Amino acid sequence: MPVVALAVILAAGGATVAGEVEAQDSQWVDGVIMTRSTLRVDAVLAGAAPARLELVHVGGSRDGLGQRLSTEVELALGERVTLDVEPAVDGWRVSGGARGKHAPWQPWLYVRTTTAVSTTCQGYDPKPLYWRALEVPLTFAATLSADVSTATARTALDASVATWNALDCAYLKLTDAGTTTTPTVGYQRSGTNTNVVTWLESGWPQSAAAIAATLTTFECGTGKLVDADVLFNGQGFTFSAAPLGLPATADIENTFTHELGHLVGFDHNPDPTSTMYAEAAPGEIVKRDLTADDAAGMCAVYPVGQEPDLDEGGCGCGTSPTPGAGGAALAVAAVLGRRRRRR
Ligand SMILES: [Zn+2]
């Protein structure tokens, strides 16, 4: 289901290619795992491309930890894929992130994020991602969207939190850990981590079509989430929080309810009516609410009555109330933004 227009890809000097991932290398860069995948090109279906491509993408695994970005493509070593690709500053990138991978979406009920769908943890058995906790604390950037007042944005964000928390059949709850003036995106292996919610008004590192993205970090051996950060694309979109939505804008509550699905461990759902469907039309507000399937997923993964025994193996809250030093959201943008933007 290629979503990126072929004309756009070709105009960027890109191509559609089929091939196999021959090699991968992942490294930590300022709390973000960056992966270079070498694709052996077996067929060029459109445009022009060399016989081998070095593809740079966010996410992968290193030191027993895995990381994925909800909007980013995932590639497994040895995987045979068809991709839309375009040249970037330090290699090639998959056009539009996950959208540039031609993968048949299988009908599914709620879709848990598992390492089975990705590279994420080479050498580990696939594990569904989940929080081994009763609560996931969220820390909000002190300054939110440039398009609405911070109070207005917070009201919309809080409404999304309340929507997920309203599920009586699920024990996992999202809590308010306050605000920070230094929202640090990514996972600091030495230091404290917070699950931040923040806006990037410039330097958006991902697909220009992405309204927001959630970066999750987890243990490869268990699938236990240890950090999750939500970034809104303030550079590419005008955000709103009008009661009935506003045409030609991205609704904050609509967007955040979807991102919180990623934060609790869900992947995209191919059902266009699902809150976890990958796309949202301008002005859309239908994703403010959960569909029955989204709710069923939450209550299947975190069922009341089957709470984890947190006395064994610690809290697993995966965060502490103190933000890490410096960094801020722009650090991740600096790391990821080295690639050429699509528009
Ligand atoms: Zn998403």
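When segment 68-81 is filtered for residues that are buried (at least 16 other Cβ atoms within 10 Å of the Cβ) and either farther than 17 Å from V226 by Cα or at pLDDT 95 or above (or both), the ones remaining, listed by number, are T71, E72, V73, E74, L75, A76, E79, V81.
Could we say that M276 is of a type in the set (A, V, I, L, M) and not in a loop (DSSP other than H, G, I, E, B) here? Taking the combined requirement at face value, the residue does not satisfy it.
Entry remark, segment 264-288: residues being away from the ligand (no atom under 16 Å from the Cβ) and under 17 Å from W164 (Cβ atoms) number 1 in total.
Only a single criterion out of (1) at pLDDT below 95; (2) more than 27 Å from I252 (Cα to Cα) is not satisfied by A98, namely (2). Would you confirm whether or not segment 243-258 contains a residue that is surrounded by fewer than 20 Cβ atoms within 10 Å (Cβ to Cβ), within 14 Å of the ligand (Cβ to nearest atom) and touching a residue at least 24 places away in the same chain (Cβ under 8 Å)? No; the residues of segment 243-258 include none that is surrounded by fewer than 20 Cβ atoms within 10 Å (Cβ to Cβ), within 14 Å of the ligand (Cβ to nearest atom) and touching a residue at least 24 places away in the same chain (Cβ under 8 Å). A single member of A159, A141, A153 is of a type in the set (G, A, S), over 24 Å from W204 (Cβ atoms) and assigned by TED's automatic domain parsing to the domain that holds H262, and it is A159.
Do we have V8 as more than 30 Å from V264 (Cβ to Cβ) and at pLDDT 95 or above here? No; evaluated as a whole, the condition is false for this residue.
Residue by residue, here is whether (1) farther than 24 Å from L65 by Cα; (2) surrounded by fewer than 18 Cβ atoms within 10 Å (Cβ to Cβ); (3) within 16 Å of the ligand (Cβ to nearest atom) holds:
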site	(1), (2), (3)
S160	yes, no, yes
T192	no, yes, no
N195	no, no, no
S202	yes, yes, no
G223	no, no, no
V226	no, no, no
L231	no, no, yes
S240	yes, no, no
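To keep it simple, each residue is scored yes or no on (1) surrounded by fewer than 16 Cβ atoms within 10 Å (Cβ to Cβ); (2) modelled with pLDDT under 90.
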| site | (1), (2) |
| --- | --- |
| T273 | yes, yes |
| E284 | no, no |
| K287 | no, no |
| D293 | no, yes |
| P303 | yes, no |
| P308 | no, no |
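Note on segment 49-67: residues that are assigned to a loop (DSSP other than H, G, I, E, B) and buried (at least 24 other Cβ atoms within 10 Å of the Cβ) total 1. Candidates in segment 71-95 are the residues that are among the small types (G, A, S) and more than 13 Å from S37 (Cα to Cα); of these, the one that is farthest from the chain's Cα centre (by Cα) is A88.
The values are calculated or read from the model by the stated rules, or taken from the named source; none is laboratory data. Note that the structure is a prediction, hence the values are computed from the model and not measured. We place every Cβ from the backbone using ideal geometry, glycine too, and count neighbours over all the protein chains shown.
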